[in-house]
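Asks: Provided herewith is a single structure, encoded as structure tokens, for subsequent inquiry.
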Amino acid sequence: MAEMKSHLKGKQILAVDDEEDILETIEDVLEEASVERALDYASASRKIKQKRYDLAILDIMGVNGLKLLDEAVQRGIPTVMLTAHAINPDTLMESIRKGAISYLPKEKLAELDELLDALLGAQARGEPPWKLLFDKLGDYFDRRFGPDWKKKDREFWSEFSRTYQIGRGIQRRLEHDKRLLDKGA
């Protein structure tokens, strides 16, 4: 049987968290990638502005992750939000609106390589990474937020499920893609 290609191998990844042990775990789990670290907003912002990354992994709390998400999206960097304390439907929706490709609970840190490999693989095939996330973690979100958690924002989730293919976040990232802008798109 042929070995599966890793979508993480050789990727340049920026991991941002205010907890050193979380950054060490991310580095250990993503051993196939080259991981740069930042412990605070200022150094992360500087790195985002100075270097092109294949992926950014941003904590929400402690490093102003949602503001960093805006900066990463402007630079065309696919971004995954990783959180423990801010895991709630509001930050999930905000991450989607701002252009993140995924939103992962720190509880799933041990599975980070598998989840990111699947997400990057979906993205490479032109498949919506958010659909994959909800296929893999939908039960987790239902248990964490309650079975009816989407009802409060029914309009948002209804629209979102119809537009997995070209969600607002993808559109925002494309607005900053120099390859498209140079072609007048």
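All of the numbers you see were taken from the coordinates with simple rules; none came from a lab. Only a predicted model underlies this, so the values are computations on that prediction, with no experimental measurement involved. A quick note on method: Cβ atoms are made from the backbone with ideal geometry, for glycine too, and the neighbour counts reach across all protein chains shown.
Asks: Please arrange K108, K136 by how many other C-beta atoms lie within 10 Å of their C-beta, fewest to most.
Replies: K108, K136
Asks: With runs of 4+ DSSP H residues as the only contributors, calculate the mean residue ellipticity of the chain at 222 nm using -39,500 (n - 2.57) per run, divided by the residue total and rounded to the nearest 500. Spell out each step's value before the answer.
Replies: Working: 9 runs with 91 residues, N = 185.
Rounded to the nearest 500, it is -14500 deg cm²/dmol.
Asks: Quick one: order V35, V80, V16 by neighbouring beta-carbon count within 10 Å, fewest to most.
Replies: V35, V80, V16
Asks: Order these peptides, 53-61, 115-123, 145-153, by their mean beta-carbon neighbour count within 10 angstrom, highest first.
Replies: 53-61, 115-123, 145-153
Asks: So which lysines pass the test for K49, namely a Cα distance under 22 Å, with those fewer than 8 places away in the same chain ruled out?
Replies: K11, K67, K98, K178
Asks: Under a cut-off of 16 Å between alpha-carbon atoms, report the lysines in cross-link reach of K131, not counting same-chain residues fewer than 8 places apart.
Replies: Within the straight-line limit of under 16 Å, K131 reaches these lysines: K150.
Asks: Which of the aspartates and glutamates could be linked to K5 by a straight reach, that is with a Cα gap under 19 Å, when you skip same-chain ones fewer than 8 residues away?
Replies: E31, E32, D54, E111, D113, E114, D117, E127
Asks: Let me ask another. Report relative contact order for the chain in percent, whole number only (criteria: Cα-Cα under 8 Å, sequence separation at least 6).
Replies: That works out to 20 percent.
Asks: Now for a separate question. For the stretch 12-181, state the average projected area of the convex hull of the C-alpha atoms over all orientations, rounded to one decimal in nm².
Replies: Spelled out: convex hull of the Cα atoms, projected over all directions, averaged, 9.2 nm².
Asks: With 10 angstrom as the radius, rank S158, S43 by how many other C-beta atoms surround their C-beta, starting from the fewest.
Replies: With the fewest neighbours first, S158, S43 line up as S158, S43.
Asks: Let me ask another. Which residues' amide hydrogens lie under 5 Å from the amide hydrogen of L82, considering only partners 5 or more residues apart or on another chain, with H built in the peptide plane?
Replies: The answer is L58, D59, I60, L104.
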